[in-house]
1. Among the residues of the range 11-33, what is the count of those that are β-branched (Val, Ile, Thr), farther than 22 Å from Arg53 by Cα and at pLDDT below 70?
2. Would you mind stating whether Ala57 is part of a helix (DSSP H, G or I) and at pLDDT 90 or above?
3. Could you list, in sequence order, all residues of the range 38-51 that are at pLDDT below 95, among the aliphatic types (A, V, I, L, M) and open to solvent by 70 Å² or more (accessible area, probe 1.4 Å)?
Amino acid sequence: MGRPHIVPPWTCLTSHGGLTGVPQVNLPGAHVDGAPVGLSILGARGTDLDLIRLAVALEG
């Protein structure tokens, strides 16, 4: 058996969109002190296409 998988405590902040049923998109950013940094955007229910359009515009 291998080592147990340890989940970092901050990962609980990444799934609220999935838990609440609202659309969510994640955009990659940069690296700060070697750690990846990105942007997670949640929209209101039914705004999936608006959220996708916003993500495409932000990625430029």
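1. Going through the range 11-33 one residue at a time, the tally reaches 1.
2. Working: part of a helix (DSSP H, G or I): yes; at pLDDT 90 or above: yes.
Answer is yes for this residue.
3. Correct list: Leu39, Leu42.
The values are calculated or read from the model by the stated rules, or taken from the named source; none is laboratory data. What you see is a predicted model; the values in this text were computed from it and never measured. These accessible areas exclude ligands, DNA and RNA; they are computed on the full protein's heavy atoms, side chains included. Shrake-Rupley method; radii C 1.70, N 1.55, O 1.52, S 1.80 Å.
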